[in-house]
Amino acid sequence: MINLVLSFFTAVLIVVFVIPTIRMVSSMKGLFDIPDERKVHFLDIPRLGGLAIFAGFFISTKLWGIWTDTSLPRIQYFEAALFILFFSGLKDDLVKLTPYKKLLAQLLATVIIIAGEDIRIKSFFGIFGIFELSYPVSFALTLFTFIVITNSFNLIDGIDGLAGGIGLITSLTFGLWFNFNGNMGWSIMAFSMSGALLGFLFFNFNPAKIFMGDSGALVIGFVMSVFAIQFIDLSASSGSTIPAPSIAIAILIIPLIDTLRVVIIRLIKKHPPFKADQNHIHHSILAIGLNHTETSLLLYLVNIIFVIIAFIMKESTLTSHMLTIFGIALILSFIPNFLFQQMKNESTFMKEKAIKNRKIERGEL
């Protein structure tokens, strides 16, 4: 237990100590996130917060990790994959990479983690009557899962405090579960990430003084992918009957449902599914009048509620559990759009009514 506490606070202190220096250097070198028509901030903000997150997580894990934990694989492959993701994200923050090069780095990192650590989805848990997966199918499904989760955190990094806060909730949830189930090595890694993100939020919560950039978002998403797949695999290997895949989805519900929702909207509008826009959940909530702080706090609350619901329903079958979680989430995700459309319609109606009244007063009608 002492290692959990030390890993958490070591990561917090590293991030809090490092970020002021990163901000100073970013200001000296002009390394800012410049506002444009797609972004919701109006000031030039340093964007290298991912450097602090990575340092806090990596150093804390190396200092306090328990490598005798039998559930931990050969951790050097995990580290190699993490370095690839971090440096590709850092290069994108500095000079911009093409989407294809970023995807290539993600694929390479994922192949390393699957082939080297054997971290993969090994069963379908009875969905469609399928249980154990062949290695090629398992490999492909895990590759897809890593890419989706990794990029989903990058997609929600659109307003102050959102990606960092959701990452904190997610990593703490996984960390507590690993701890309660005796997987101390993984728990320390999760608490290290939680500490790094808490330290980052001191500077990123509205008004943000620094952004995490791709170097932060990709690392967070990748680490959460590892935690999610380990959560599923360790649940199965321990003989637990909980619907682990669905619970993992509930823990990651905000980034996953936002990604699904955005892709659906883009396909409906016949736009490229990977083209950046302002159709994310946080954009819709901002549009109905909430500010950055209120939007982030609301989505934190929703994420926590889904985690609670998921564990309350842990006796349900996997199919019913997954349908319930996804169904509720998908419906809720479109409510901000519905409210915004109602506000637009009401505003249009009031404008038309005012024009009509003026015409009546002038005797034109």
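One table, with the values for the structure above:
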{"quantity": "Residue pairs meeting the criteria (Cβ under 9 Å; at least 6 apart or on separate chains; first closer than 21 Å to Thr61 by Cβ and aromatic (Phe, Trp, Tyr), in region 15-29; second at pLDDT 95 or above and in a helix (DSSP H, G or I))", "calculated": "Phe17/Ala52; Phe17/Gly199"}
{"quantity": "Total residues in region 136-186, condition under 18 Å from Ser123 (Cα atoms) and either touching a Cys at 6+ places or on another chain (Cβ under 6 Å) or buried (at least 24 other Cβ atoms within 10 Å of the Cβ) (or both)", "calculated": "1"}
{"quantity": "Checking Leu290 against (1) in a helix (DSSP H, G or I); (2) over 30 Å from Phe180 (Cα atoms), the condition it does not meet", "calculated": "(1)"}
{"quantity": "Members of region 282-296 found to be in contact with a Ser or Thr (Cβ under 9 Å, 6 or more places away or on another chain) and among the hydrophobic types (A, V, I, L, M, F, W, C), listed by number", "calculated": "Ile285, Leu286"}
{"quantity": "Failed item, numbered, when Ile169 is tested on (1) under 30 Å from Leu290 (Cα atoms); (2) in a helix (DSSP H, G or I); (3) at pLDDT below 90", "calculated": "(3)"}
{"quantity": "Residue within region 150-159 that is without any contact (Cβ under 8 Å) to a residue 40 or more places away in the chain, among the polar types (S, T, N, Q) and part of a helix (DSSP H, G or I) present", "calculated": "no"}
{"quantity": "Residue check for Gly167: on the phi > 0 side of the Ramachandran plot and either touching a helix residue (DSSP H, G or I) at 6+ places or on another chain (Cβ under 7 Å) or of a type in the set (Phe, Trp, Tyr) (or both)", "calculated": "no"}
{"quantity": "Some residue of region 345-352 being more than 18 Å from Ile308 (Cα to Cα), loosely packed, with under 10 Cβ neighbours inside 10 Å, of a type in the set (Gly, Ala, Ser) and modelled with pLDDT under 70", "calculated": "no"}
{"quantity": "In region 176-220, the residues that are assigned to a loop (DSSP other than H, G, I, E, B), over 15 Å from the mean Cα position of the chain (by Cα) and among the aliphatic types (A, V, I, L, M)", "calculated": "Ala208, Ile210"}
{"quantity": "Residue in region 304-335 that is modelled with the lowest pLDDT, counting only those that are surrounded by 19 or more Cβ atoms within 10 Å (Cβ to Cβ) and more than 19 Å from Ile232 (Cα to Cα)", "calculated": "Ser333"}
{"quantity": "Members of region 264-287 found to be crowded, with 16+ Cβ neighbours inside 10 Å and in a helix (DSSP H, G or I), listed by number", "calculated": "Ile265, Arg266, Ile281, His282, His283, Ser284, Ile285, Leu286, Ala287"}
{"quantity": "Any hit, region 310-327, residues being under 29 Å from Pro207 (Cα atoms), in a helix (DSSP H, G or I) and either touching a residue at least 60 places away in the same chain (Cβ under 8 Å) or among the β-branched types (Val, Ile, Thr) (or both)", "calculated": "no"}
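Table: residues versus (1) among the β-branched types (Val, Ile, Thr); (2) part of a helix (DSSP H, G or I); (3) surrounded by fewer than 15 Cβ atoms within 10 Å (Cβ to Cβ).
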residue: Lys91; (1), (2), (3): no, yes, no
residue: Lys101; (1), (2), (3): no, yes, yes
residue: Thr110; (1), (2), (3): yes, yes, no
residue: Gly116; (1), (2), (3): no, yes, no
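The values are calculated or read from the model by the stated rules, or taken from the named source; none is laboratory data. It should be emphasised that the depicted structure is a prediction, and the values quoted were computed from it without experimental measurement. Glycine gets a Cβ as well: all are built from the backbone with ideal geometry, and neighbour counts include every protein chain shown.
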